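To start, the structure itself, in structure tokens.
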Amino acid sequence: LQDAWYKDAVQRAAAGHVLLGFNGYVRPEEPVTREEAAVMMARALHLPPETEHTPGYTDRNDIADWAAEYVAAMDKKGYMQGFEDGTFRPRELMTRAYAVQMTDHIVKGYYSKAGTYTDTVEGLVLVNTPGVIFKNMKIDDILLAPGLGENKVVLQNSTITGTQTILAGSISVIGGSHIGG
């Protein structure tokens, strides 16, 4: 890890309690299982462990105890799903296809260019640039990413009903906007 190209990313993930490792080891060059990916992504999105929701996977008893509540949180949000045969396959290794599909299920609105937006977005909105204004929008969940810097996202006559994950910047509320339910 000392001079590895991924050193900074692993250190940030560990510092943010996204990547906790096993017995003190992160094992960054080993493949990741579906249950490990669910845990890391739930932590990265600041999803609380889900104790009320039990996914209906036929192999749910194969999901490790340390992962079960995070898998349930990802399932409840619709961010990670099982297979057509009703299984989750918790110990199956993640492929690029799984990772792309999971990202597609999570991020429903990606804003990487400054501008005024009036989209309808059901799901997570990710903002990764300054100069974004949401006008007359209803947003479920929002994630302010590091590309925002110290800048603000402006809500104008808009509502955020779900979670706000703020890794950078802040939200400015004007003109009848509302955050939270």
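The values are calculated or read from the model by the stated rules, or taken from the named source; none is laboratory data. Fair warning: this is a prediction, and the values are worked out from it, not measured in the lab. Every residue, glycine as well, gets a Cβ built from its backbone with ideal geometry; the counts of neighbours run over all protein chains shown. Accessible surface is based on the protein model in full, side chains and every heavy atom, while ligands, DNA and RNA are left aside. Shrake-Rupley method; radii C 1.70, N 1.55, O 1.52, S 1.80 Å.
Structure above, values below:
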item	result
Whole-percent carbon and sulfur share, accessible surface of region 128-181, 1.4 Å	49
Helix-only [θ]222 nm of the chain, DSSP H runs n ≥ 4, -39500 (n - 2.57) each, per residue, nearest 500	-7500 deg cm²/dmol
Rg/Rh (Cα only; Kirkwood hydrodynamic radius) as it applies to the chain	1.00
Placed amide H near Val121: partners under 5 Å, 5+ positions off or other chain	Lys138
Derived scalar couplings ³J(HN,Hα) [region 124-138; Karplus, 6.51 cos²θ - 1.76 cosθ + 1.60; whole Hz; x for Gly, Pro]	7, 9, 10, 10, 10, 7, x, x, 9, 10, 9, 10, 6, 10, 10
Additional length obtainable on full extension of the chain from Asp62 to Ala99, 0.36 nm per residue less Cα span	11.2 nm
Solvent-accessible area per residue, Å², over the chain with all protein chains present [probe radius 1.4 Å]	58
Lysines whose Cα lies under 19 Å from that of Lys138, excluding same-chain neighbours fewer than 8 positions away	Lys77, Lys108, Lys152
DSSP loop GluC sites (Glu not before Pro) with at most 11 other Cβ within 10 Å excluded, longest remaining stretch of the chain	85-149
Gly82 long-range amide H proximity, modeled H, under 5 Å	none
Computed label-point distance, nm, for sites Asp119 and Asp85 using a 7 Å Cα→Cβ extension	3.6
Amide proton proximity set for Leu45, modelled H, under 5 Å, gap of 5+	none
The chain, relative contact order in percent, only Cα pairs under 8 angstrom and at least six apart counted	13
